[in-house]
Amino acid sequence: MKKPTIRHEVVEHVTPEGYTELVYADRPKSVPDMLNNTVSKYGNREGLISSSERLTYKQFASAVNNMSSALYHEYGIRKGDRVALMLSNGLEFAITFFSVVKLGGIAVPINTAFKGGELAYQVNDSGAVVLVVEPEFHDLIAEVRSEIECVKHLFVTGDQPPKGTLAFSQLLKERSYMPLDIKVDETDGAVLMYTSGTTGRPKGALLLHKGMVAAAIDVDEWFDWRVADKMLLTVPLFHVTALAMILCSSIYAGVPLVLMKKFKAADALRVIEEERITAMIVVPTIIWLMLNAPEFDQYDLSSLRMVAPGGAASTEALLKLCAEKLPSVELVPGYGLTEATGVTHSTTTLREALSKIGSVGHPVPVIEAKIVDALGKELAPGESGELLVKGCQVFREYWNNPEATRNTLVGGWLHTGDVAKITEDGHTYILDRMKDMIIRGGENIYCIEIENVSLRNPKVLEAAVVGVPDSVFGEQVKSVLVLKPGEQATVEEIQEFYSKYLARYKVPKYVEFRESLPRNPAGKVIKEKLK
């Protein structure tokens with residue numbers, strides 16, 4: 001099978017580091033340029049839609065200009081400064097993100113499920129000088145406020161910000177300052193997106209403007225947008241998929257975007273019917289829950305034409321169920337990672353996906369891919385090894401972690417940590433993960449982080465964590481514990497302990513007690529025996 005036809009011209013480009021990479025020839029040079037282009041072409045078109053407000057692109061850009069002006073003139077935010085966002089899906093997130101990057105600042109999205117310690121670590125590591133949160137997170141912030149001294153200004157959305165905080169609404173008021181004229185280059189940092197690491201601490205991947213723009217054009221290439229298209233956002237904006245491939249792609253193409261604050265299958269089905277949604281980019285769990293919802297047959301989903309699941313494997317059962325229940329919809333699975341600003345591979349049709357079960361398709365136009373062995377030698381088609389990717393979407397560095405950067409970025413190639421093979425016809429198959437990682441509903445969970453928390457429990461002697469198959473979420477977390485002599489514990493007691501330190505999605509669904517852990521002669525736990 002040949003690689004899909006490319007509609008956007010691709011050319012070679014030399015990076016400041018001296019590497020050649022592929023880029024789209026006719027591209028905006030930054031995320032702010034992308035918004036400006038869309039306003040000039042589609043300013044009066046309805047652009048961003050929430051449950052409470054509908055903004056044209058011109059109205060959205062006006063809010064962005066007001067906020068960026070306030071941050072610059074009144075709070076001293078300058079190019080390179082980090083601004084952290086602990087916000088759910090909504091206009092506040094979108095406005096804040098575009099305001100920050102308009103200043104040449106770096107946005108730091110924070111997982112809204114985080115607990116105090118997780119939040120404090122990420123804010124401190126990024127050195128964020130501004131933190132924007134929703135009222136429901138204020139108590140959490142208050143608990144760790146003394147630990148995040150880098151934050152100079154704390155803004156809270158809503159009508160009545162708590163005492164000692166600033167009103168987000170004040171940032172949106174019109175001002176009489178001269179328009180900002182800050183040069184933002186495509187090689188500047190745009191987002192510090194944290195991704196779990198094998199050390200147990202998340203690493204901040206610095207994503208560049210050129211990568212965010214390329215990811216947006218990837219979706220344009222992928223979906224071949226039409227005049228009547230409208231996209232639905234169901235995944236959290238603190239994920240690269242939502243931020244780069246949904247929010248930025250809709251802005252790039254001038255496609256209206258409906259933002260769901262929180263995903264519920266029945267609500268999503270209702271919104272698809274009411275708004276005549278045509279396209280979605282989701283994790284497989286979301287489309288699976290929608291297809292299996294009791295309310296599925298109650299709604300008219302005839303407008304939907306394209307669904308792109310990624311972030312976890314699309315099972316054969318999911319593909320076949322989609323073909324059965326949504327026969328006119330193209331379900332096109334893909335593959336990507338945070339460090340590559342989202343998607344790197346995609347299929348083109350549901351028929352292709354069904355005929356190549358397990359394949360994530362071909363690289364997107366600006367990505368090159370190869371398979372190498374442990375010594376870095378490129379392998380022949382069909383041989384399995386580590387998947388490496390290269391291109392303008394690849395991140396620049398791990399924040400404050402040069403060693404991890406050197407280990408991951410080698411000669412311009414990104415080591416994905418995934419075992420894969422590329423067949424003679426160019427299809428890529430992801431076979432396994434070299435990294436010790438669980439993917440639950442599109443959320444990356446590293447075992448060592450949970451193992452470290454396990455060992456904080458005074459009753460626990462040893463701990464091992466693995467992922468086990470789950471029909472809804474893809475995988476669930478299983479913790480296997482060896483208690484100290486004489487100690488006893490219940491599953492509920494252990495899960496309650498985990499919930500004090502971990503986001504809800506990381507708390508193990510299964511807890512097993514054993515007298516010992518299986519180990520190999522070198523003393524390493526044999527995790528396959530625990531699954």
Gln476 long-range amide H proximity, modeled H, under 5 Å: Val468, Asp470
Formal net charge of residues neighbouring Phe98 (Cβ-Cβ distance under 13 Å; K, R +1; D, E -1): -1
Relative contact order (percent, whole number), segment 1-134, Cα cutoff 8 Å, 6+ residue spacing: 19 percent
Residues with amide H under 5 Å from that of Val511, placed H, sequence gap 5 or more: Ser479
Label-point gap, in nm, between Glu316 and Arg45 - each point 7 angstrom along Cα→Cβ: 4.1 nm
√(5λ) per eigenvalue of the Cα gyration tensor, segment 17-420, largest first, Å: 32, 27, 21
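As a quick test, which of the pairs Lys79/Lys152; Lys459/Lys506; Lys325/Lys509; Lys203/Lys356; Lys325/Lys529; Lys230/Lys390 have an alpha carbon distance above 28 angstrom in this structure? Before the final figure, lay out the partial values.
On the way: Lys79/Lys152 16 Å; Lys459/Lys506 20 Å; Lys325/Lys509 30 Å; Lys203/Lys356 34 Å; Lys325/Lys529 37 Å; Lys230/Lys390 31 Å.
Check vs 28 Å cut-off fails for Lys325/Lys509; Lys203/Lys356; Lys325/Lys529; Lys230/Lys390.
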Euclidean distance of C-alpha centroids, segment 439-478 and segment 277-330, integer Å: 28 Å
Percent RCO, i.e. relative contact order, over segment 437-530, from Cα pairs under 8 Å lying at least 6 residues apart: 26 percent
Aspartates and glutamates with Cα under 16 Å of Lys421, excluding same-chain neighbours fewer than 8 positions away: Glu368, Asp373, Glu378, Glu383, Glu386, Asp432
Derived scalar couplings ³J(HN,Hα) [segment 162-169; Karplus, 6.51 cos²θ - 1.76 cosθ + 1.60; whole Hz; x for Gly, Pro]: x, 4, x, 10, 10, 7, 4, 4
For the chain: relative contact order, % (alpha-carbon pairs under 8 angstrom, 6 or more apart): 12 percent
Residues whose placed amide H lies under 5 Å from that of Gly361, excluding near-sequence neighbours: Thr428
Order of Arg440, Arg276 - criterion: other Cβ atoms within 10 Å of each residue's Cβ, fewest first: Arg276, Arg440
Separation of the Glu9 and Asp267 label points, Cα + 7 Å toward Cβ, nm: 4.5 nm
37 °C / 0.692 mPa s Stokes-Einstein diffusion coefficient of segment 369-446, Kirkwood radius on C-alpha pairs, µm²/s: 243 µm²/s
Where labels lie 7 Å past Cα in the beta-carbon direction, separation of Glu528 and Leu166 in nm: 5.6 nm
Whole-Å semi-axes of segment 437-530's equivalent ellipsoid (Cα gyration tensor): 21, 17, 11
Compactness index (Cα Rg / 2.2 N^0.38 Å), segment 347-505: 1.30
Estimated 222 nm signal from helices in the chain, with DSSP H stretches of n ≥ 4 weighted -39500 (n - 2.57), rounded to 500: -7500 deg cm²/dmol
Whole-Hz couplings from phi, Karplus 6.51/-1.76/1.60, listed for segment 70-84; x for Gly and Pro: 5, 4, 6, 7, 9, 10, x, 6, 10, 4, x, 5, 9, 10, 8
Order of Ser359, Ser68 - criterion: other Cβ atoms within 10 Å of each residue's Cβ, fewest first: Ser359, Ser68
³J(HN,Hα), Karplus 6.51/-1.76/1.60, whole Hz, each residue of segment 45-56, x for Gly, Pro: 7, 4, x, 10, 10, 10, 5, 10, 8, 10, 10, 6
Taking N as its residue count, the alpha carbon Rg of segment 116-230 over 2.2 N^0.38 Å: 1.37
Protection-proxy order for peptides 375-384, 105-114, each taking the mean of Cβ atoms within 10 Å per residue, highest first: 105-114, 375-384
Spin-label proximity, Asn124 to segment 481-519 - amide N less than 19 Å from point 7 Å beyond Cα toward beta carbon: 500-503
Burial order of peptide ranges 253-261, 164-172, 178-186, 334-342 (average beta-carbon count within 10 Å, highest first): 334-342, 253-261, 164-172, 178-186
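Readers should treat all values here as calculations from the given coordinates under stated rules, not as data from a laboratory. Just so it is clear, the model here is predicted, and its values are computed rather than measured. When we count neighbours, we look across all protein chains shown, and the Cβ atoms used for this are built from the backbone with ideal geometry, even at glycine.
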